[in-house]
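Following: one structure in structure tokens, then a few remarks.
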Amino acid sequence: MHMYLVVAGALAVTLMAGFGLAGVTTGWVLPLGRQRILRPKLWGYGQLIGAVGASLWMFLGVFRERSGVLPVIGWFVFLGSLGIQMLAQRPGRTPVPPPTNSAS
């Protein structure tokens, strides 16, 4: 049973990283989230960071049954990536043009 969990976890992290890489490089987002995600590159970075955090948490903590600081850091990195992905659903700021010098 343990090997099934490891394979499922590795597959989930790999898919997460692949979707994040697709979001960063091409701006492609899964069809389920296309309407909500306004900044696909930021969402992709959040996915990549989440994949790293989830893999630290799973493969150094849960599956190894060790208590250490790296799995906890991985969990907090994963939670931070969720925050980044939430920011990707909000519109970005519009650039403000520099003021024109009308004195000349």
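Key figures for this structure:
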| read-out | value |
| --- | --- |
| Probe 1.4 Å, protein heavy atoms only - accessible area per residue of the chain in square angstrom | 73 Å² |
| Portion, in percent, of the accessible area of the chain that falls on carbon or sulfur, probe 1.4 Å | 70 percent |
| Dipole of the chain, positive end: most advanced residue of Pro97, Pro31, Ile49 [Cβ charges, Cα centre] | Pro97 |
| Prolate/oblate/rounded call for the chain, Cα gyration tensor, a/c under 1.5 rounded | prolate |
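The values are calculated or read from the model by the stated rules, or taken from the named source; none is laboratory data. Because the structure is a prediction, the values reported are computed rather than measured. Positions of Cβ are backbone-derived with ideal geometry, glycine not excepted, and every protein chain shown enters the neighbour counts. When the accessible area is computed, the model is the full protein with side chains, heavy atoms only, and any ligands, DNA or RNA have been set aside. Shrake-Rupley method; radii C 1.70, N 1.55, O 1.52, S 1.80 Å.
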